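The values are calculated or read from the model by the stated rules, or taken from the named source; none is laboratory data. Quick caveat: nothing in here was measured; it's all calculated off a predicted structure. Quick reminder, even Gly has a Cβ in these numbers, built from the backbone with ideal geometry, and neighbours come from all protein chains shown. Note: accessible area is taken over every heavy atom of the protein model, side chains too, but ligands, DNA and RNA are not part of it. Shrake-Rupley method; radii C 1.70, N 1.55, O 1.52, S 1.80 Å.
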Amino acid sequence: MSTPPVEVHDLHKRFGSVHALDGLDLVVEPGQVAGFLGPNGAGKSTTIRILLGLLHADSGTARLFGQDPWAHGVGLHERLAYVPGDVTLWPQLTGGETIDLLLRLRGLRPDPARKARMLHRFELDPTKRTRTYSKGNRQKVALVAAFCADVELLVLDEPTSGLDPLMQAVFQDSVREAVEAGTSVLLSSHVLAEVEALCDTVTIIRAGRTMQTGTLDELRHLTRSAVTARVDDPAAARDALARIDGVHDVAVPGPDADKVTFHLDDAATAAATRALADLGVRGLTVSPPSLEELFLRQYGDELELLEGDARPAQAVER
């Protein structure tokens, strides 16, 4: 059995009185894209810095390819590429020179054809000095360098910060291409649609602790599907469904509606289906829960605290 590229168990790290990591667990299996979610201050970046050998854990274990990154960081860095959420570059170098330098620092000879393909894909002008780049273009430099390297692991910490939606789609295609080539990925992101599109597993952390972990299908079992059923008698359907354990929020949208809407726990699927069949169901639409719903449920109390803060859009991104 192959050694997981990333294994973290019962990891603890304090900064003075702040307990940044409090028994964190995290695993990235070979060939897997693992999402790493949590609000600001949850401990994501601290975990990544420990995995990169930049910080020493107080206790617990953190392993890259089965080895301690604090003791073997230099050798392990040759097997991975890291893209942070805020890239700082050498201002006097051009974008192309910076990409070449980043690859040569890894002992790699830049492949002109591969580099040109990635530059075209990310629409990056390599002739401009990096001091003239926007935040998004600085991110592109780091991403192009990462995707031009043949590595076993990509560690991506908010990698699409500053990229527009088109470039985010290009990033997703590039990740899929890397995974097809055998690369594993640890992706920390606040773009939930991005995580849902790319990740095989998701770990949600809070206050330095792992709160939920599993495949997307496994985590979706923790939330409810939204169902719309077209029936002959919506009022009768509403009354029948309301009596079933595991069926929630049953409603008829309007006095002239020919449908009933409700939320459904997986365990109640059979009972709800039988009830609808007896009532003459003519159409059924089931929308599985999204990762965003799971995340909002996990951090619902924090959203309540943000009410009236005039920053509602930041609730999910934190």
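Filter segment 191-212 for residues that are open to solvent by less than 40 Å² (accessible area, probe 1.4 Å) and either modelled with pLDDT under 85 or closer than 12 Å to LEU294 by Cα (or both) and give the result. Across segment 191-212, the qualifying residues are VAL191, LEU192, VAL202, THR203, ILE204.
Given the criterion aliphatic (A, V, I, L, M) and modelled with pLDDT of 95 or more, identify the matching residue among LEU26, LEU37, LEU102.
Details: LEU37 fails: modelled with pLDDT of 95 or more; LEU102 fails: modelled with pLDDT of 95 or more.
Matching residue, one of LEU26, LEU37, LEU102: LEU26.
Among the residues of segment 279-296, just one is within 24 Å of PRO39 (Cβ to Cβ) and of a type in the set (Gly, Ala, Ser), namely SER290. When segment 90-112 is filtered for residues that are of a type outside the set (A, V, I, L, M) and assigned to a helix (DSSP H, G or I), the ones remaining, listed by number, are GLY95, GLY96, GLU97, THR98, ASP100, ARG104, PRO112.
Segment 1-89 holds strands (runs of 3 or more DSSP E) entirely within its bounds, and those carrying 1 or more residues that are open to solvent by less than 70 Å² (accessible area, probe 1.4 Å) and over 23 Å from ALA145 (Cβ atoms) map to 6-15, 18-28, 33-37, 59-64. Restricting attention to segment 122-133, the residues being open to solvent by 60 Å² or more (accessible area, probe 1.4 Å) and under 26 Å from the mean Cα position of the chain (by Cα) number 1.
The residue of segment 259-309 that is modelled with the highest pLDDT, among those that are touching a Lys or Arg at 6+ places or on another chain (Cβ under 6 Å) and open to solvent by 70 Å² or more (accessible area, probe 1.4 Å), is ARG282.
Scanning segment 150-176 for residues that are under 17 Å from the mean Cα position of the chain (by Cα) and part of a helix (DSSP H, G or I) returns PRO165, MET167, GLN168, ALA169, VAL170, PHE171, GLN172, ASP173, SER174, VAL175, ARG176. Residues in segment 213-225 include none that are in a loop (DSSP other than H, G, I, E, B), hydrophobic (A, V, I, L, M, F, W, C) and open to solvent by less than 50 Å² (accessible area, probe 1.4 Å).
Based on this model, can you work out whether LEU143 counts as within 22 Å of the chain's Cα centre (by Cα) and part of a helix (DSSP H, G or I)?
So LEU143 passes the test.
One line per residue, one yes/no per condition, for (1) of a type outside the set (Lys, Arg); (2) closer than 17 Å to LEU103 by Cα; (3) touching a residue at least 40 places away in the same chain (Cβ under 8 Å):
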site	(1), (2), (3)
ARG121	no, no, yes
LYS128	no, no, no
ARG138	no, yes, yes
VAL141	yes, yes, yes
ALA145	yes, yes, yes
ALA149	yes, yes, yes
SER161	yes, no, yes
ASP164	yes, no, no
ARG176	no, no, no
